[in-house]
1. Return a yes/no flag: does region 204-215 have any residue that is open to solvent by 30 Å² or more (accessible area, probe 1.4 Å) and in a helix (DSSP H, G or I).
2. Looking at (1) part of a strand (DSSP E or B); (2) crowded, with 20+ Cβ neighbours inside 10 Å, can you tell me which one Val48 breaks?
3. Please go through region 204-222 and give me each residue that is of a type outside the set (A, V, I, L, M) and within 16 Å of Ala86 (Cβ to Cβ), ordered by number.
4. How many residues does region 94-117 hold that are crowded, with 22+ Cβ neighbours inside 10 Å, outside any strand (DSSP E or B) and of a type in the set (A, V, I, L, M)?
5. Yes or no: Ser215 under 26 Å from His143 (Cα atoms), small (Gly, Ala, Ser) and modelled with pLDDT under 95?
6. Would you mind stating whether Asp262 is touching a residue at least 24 places away in the same chain (Cβ under 8 Å), within 24 Å of Tyr66 (Cβ to Cβ) and either of a type in the set (D, E, K, R) or open to solvent by 10 Å² or more (accessible area, probe 1.4 Å) (or both)?
7. Where in region 222-292 are the helices (runs of 4 or more DSSP H), entirely inside, with at least 1 residues that are of a type in the set (Asp, Glu) and within 20 Å of the chain's Cα centre (by Cα)?
8. Quick one: which helices (runs of 4 or more DSSP H) sit completely within region 132-172 and have at least 3 residues that are over 15 Å from Ser207 (Cα atoms) and open to solvent by 60 Å² or more (accessible area, probe 1.4 Å)?
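The values are calculated or read from the model by the stated rules, or taken from the named source; none is laboratory data. All values reported here derive from a predicted model rather than from experimental measurement. Cβ atoms come from the backbone with ideal geometry, glycine included; neighbour counts cover every protein chain shown. Surface accessibility is based on the protein's heavy atoms, side chains included, excluding ligands, DNA and RNA. Shrake-Rupley method; radii C 1.70, N 1.55, O 1.52, S 1.80 Å.
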Amino acid sequence: MTLTISGFDHVRLPGADGVELAAAVGGSGSPVVLLHGFPQTHLMWRHVAERLAEEHTVICPDLRGYGASDKPAATDPDAYAKRTMAADVVTLAAALGHERFALVGHDRGALVAFRAGLDHPETITHLGILDIVPTLDMWNVLHGTSATVGYHLYLMAQPPGLPEAMIANSADAFFGSFLDSWADDPTVIPEEVRAEYLRASAAAVTSIVADYRASAGIDVLHDRADLDAGSQLAMPVTVVQQDWGTRLGYDAAGVWKAWAPDLEHRLTRAGHFMAEEAPDEITAAIQDLLAR
């Protein structure tokens, strides 16, 4: 049985191109969509979602290729392009009657949220980003030995076959290593939640790799085209991230300012899984964003 957020309904709704997404939906009021990261499911939002649901309709889908959502074969580069995954989210929200909504993403979900903000400015009212830089900038800031922090990006960028086999043959060790090393306090992920993340990820190796492979190909092309065209995010944007700028030697706020003129950039002392490690802080950041 799939674990979901307490008190929320668990539904299946249409995404783009005939794909169906699983989602937890709860609360009432102006809509907020929360997108999860790797190697997780919508369950990562359980603390934040319950708090936001006191004043908002909160929608937490599993991204295509993850959790209980459909996992289409990557028969073409668009299958897991962030543009396609962003269209999933817009379609899902519309199925619930929401033509405009606030959007917050973490990790992989933040890349989808970033693309949704660029592609659907008339739909996304507010944009929250947790612990990433855009795909094009991500590759630009990884260099030398500092790039070892993102070794999985390079592994899953390789042609189909070997990455999937290597990961599938040691799925719990592979996915579990990120849950252990990316959290300042891994105990904030209870054993039953950790087991759910590992189960869901092991069942989605091929589609997870396809998602990452897209970020070494078609997603870069889309970001570069927007950069060349001078495209920017039109809505209020809040970015919360660890101090990656100091660790990797770049101006993190400056990178984001180039994309988001109406930017609030915050640093956190929490680890990567900040919605679980510091839910009060992240909830407050989202509430502040929604008030802008």
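1. From region 204-215, those open to solvent by 30 Å² or more (accessible area, probe 1.4 Å) are 206, 213; that's our starting set.
Next, from what is left, pick out any that are in a helix (DSSP H, G or I): 206, 213.
Yes.
2. (1)
3. Those that are of a type outside the set (A, V, I, L, M) and within 16 Å of Ala86 (Cβ to Cβ): Asp211, Ser215, Asp219, His222.
4. Qualifying residue count for the region: 5.
5. no
6. Values: touching a residue at least 24 places away in the same chain (Cβ under 8 Å): yes; within 24 Å of Tyr66 (Cβ to Cβ): no; either of a type in the set (D, E, K, R) or open to solvent by 10 Å² or more (accessible area, probe 1.4 Å) (or both): yes.
Judged against the criteria, Asp262 is not a match.
7. So the answer is 274-277, 279-290.
8. By residue number, no helices (runs of 4 or more DSSP H) qualify.
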